[in-house]
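Engineer: Submitted below is the structure of interest, expressed as structure tokens.
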Amino acid sequence: MGLFRRLLGGRAAAGEPIKPQRLDYLNEAMALERQGDFDAAITSYRLALRDLPGEPRILQNLAIAFSRTGKLDDAMRHYRKALEADPTLAGAHYGLGFLLMRRGELREAARHLKAFLANPPRGTEAQRWIEHAEQALRELDVGAPPQAAAGMEGA
């Protein structure tokens, strides 16, 4: 069947109607993030949430994108929504913990960093995030001024 006929509402082979294909907004959002286009990624994550409302990993990724665009209140709100949906989501605990440190809410930050360390991610890059959280907790415990999580929250 020709393109022109399909555009005009033609039928697929075997007489079945043509079904529109849904865009994969989640993969699109992650690709946009890798390209550094966080504002566009936010839009795609929001569209992905329309398809999968309340999906904790999409909420977490949306929080990361908000964090990278400096929209920290939005980031914190989405980390919390992700944790409501899945209280064991390590990345959301990590990101929220460092954002809370930045705000000076140290007791709550420590609680989230401990939750992250209780169920840390696995993999070669995970050790970097684990060490970062452990160092932040040591600084919180001794009362030293916590180092900002520059570029690390939600990673």
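Engineer: Based on the mean of other Cβ atoms within 10 Å per residue, sort peptides 116-124, 128-136 so the most packed one is first. Walk me through the numbers on the way to the answer.
Structural biologist: On the way: 116-124: 13.1, 128-136: 16.8.
Ranked by mean Cβ neighbours within 10 Å, highest first: 128-136, 116-124.
Engineer: Hey, if you put +1 on the Cβ of every Lys and Arg and -1 on every Asp and Glu Cβ in the range 3-142, which of Leu100, Thr88, Leu26 ends up farthest toward the positive end of that dipole?
Structural biologist: It is Leu26.
Engineer: Please work out how much length the chain gains when fully extended from Arg138 to Arg57, using 0.36 nm per residue of separation minus the C-alpha to C-alpha distance, in nm with one decimal. List each step's numbers first, then the result.
Structural biologist: Working: separation 81, 0.36 × 81 = 29.16 nm, distance 2.83 nm.
Length gained, Arg138 through Arg57: 26.3 nm.
Engineer: Calculate one ³J(HN,Hα) per residue across the range 83-89 by plugging θ = phi - 60° into the Karplus curve 6.51 cos²θ - 1.76 cosθ + 1.60, and present them in order as whole Hz with x for glycine and proline.
Structural biologist: 6, 5, 6, 8, x, 9, 5
Engineer: Distance in nm between label sites at Thr88 and Ala126, each 7 Å beyond Cα in the beta-carbon direction?
Structural biologist: Computed distance between label sites Thr88 and Ala126 equals 1.2 nm.
Bear in mind these aren't lab numbers, they're just calculated from the coordinates by the rules spelled out. These figures come from a predicted structure and were not determined experimentally. Reconstructed Cβ throughout: ideal geometry from the backbone, glycine too, with neighbour counts over all protein chains shown.
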